[in-house]
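One structure is given below, encoded as structure tokens.
The values are calculated or read from the model by the stated rules, or taken from the named source; none is laboratory data. Note that the coordinates shown come from a computational prediction; the quantities given were computed from them, not determined experimentally. Cβ sites come from the backbone with ideal geometry, for glycine too, and all protein chains shown count toward neighbours. With ligands, DNA and RNA removed, areas are computed over all heavy atoms of the protein, side chains included. Shrake-Rupley method; radii C 1.70, N 1.55, O 1.52, S 1.80 Å.
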Amino acid sequence: VQLQASGGGSVQAGGSLRLSCAASGRIFSSYGMGWFRQAPGKEREFVAAASWSRGSIYYADSVKGRFTMSRDNAKNMMYLQMNSLKPEDTAVYYCAAVPKYYSGDYSDWLSGYWGQGTLVTVSS
């Protein structure tokens, strides 16, 4: 399994960006798929994750109501629509996949598959 994130860039506060994650290899419907981010000098943190088999999507409180995660099975793509961006959203964003979704805890995703990251910069 290989993941490649794209779509990052620079935007002013209040703006929007859509991140994409292209998956190659066998991603099963039972896999958990997620987005994490890491700001400079900070630990990697959970942003959003989906358990497609459960039909559930989970969001960090800090992004709830502003970010929306979705997928396109036919294209093996996953997306993160980010609206009302804030300077504190500035980070490198990573997409990830695990064979089974347990939680948004980063430790549950460490042994999974990760994309290379895409930088999002939000200026005030």
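General observations
- Residues of the stretch 115-124 that are over 13 Å from the mean Cα position of the chain (by Cα) and assigned to a strand (DSSP E or B): T121, V122, S123.
- Evaluating G117 against the criteria (1) among the small types (G, A, S); (2) open to solvent by 20 Å² or more (accessible area, probe 1.4 Å); (3) in contact (Cβ under 8 Å) with a residue 60 or more places away in the chain leaves one unmet condition, (2).
- Qualifying residue in the stretch 49-63 (condition: touching a Leu at 6+ places or on another chain (Cβ under 8 Å) and not basic (K, R)): no
- Lone qualifier among S84, S10, S70 - being more than 12 Å from the chain's Cα centre (by Cα) and over 16 Å from L119 (Cα atoms): S84
- Remark: pairs (first residue in the stretch 1-25, farther than 17 Å from P99 by Cα; second residue in a loop (DSSP other than H, G, I, E, B) and open to solvent by 40 Å² or more (accessible area, probe 1.4 Å); Cβ separation under 8 Å; 6+ apart in sequence or on different chains) = Q4/Q116; A5/Q116; Q12/S124; A13/K86; A13/S124; G14/S84; S16/N83; S16/S84.
- Considering only residues in the stretch 1-54 that are among the charged types (D, E, K, R) and outside any loop (DSSP other than H, G, I, E, B), the one that is farthest from S70 (Cα to Cα) turns out to be E45.
- Every residue from the stretch 1-22 that is touching a Lys or Arg at 6+ places or on another chain (Cβ under 9 Å) and among the aliphatic types (A, V, I, L, M): V1, A13, A22
- When the stretch 66-114 is limited to residues that are in a strand (DSSP E or B) and among the polar types (S, T, N, Q), the one that is surrounded by the fewest Cβ atoms within 10 Å (Cβ to Cβ) turns out to be S70.
- Looking across the stretch 36-86, just one residue is at positive phi and touching a Gly at 6+ places or on another chain (Cβ under 8 Å), and that is S84.
- Residue count for the stretch 55-65 satisfying the condition of being without any contact (Cβ under 8 Å) to a residue 12 or more places away in the chain and open to solvent by less than 30 Å² (accessible area, probe 1.4 Å): 0.
- Of all residues making up the stretch 28-54, the number that are open to solvent by 20 Å² or more (accessible area, probe 1.4 Å) and either small (G, A, S) or closer than 11 Å to G104 by Cα (or both): 7
- The set of residues from the stretch 9-27 being among the polar types (S, T, N, Q) and open to solvent by less than 70 Å² (accessible area, probe 1.4 Å) comprises S16, S20, S24.
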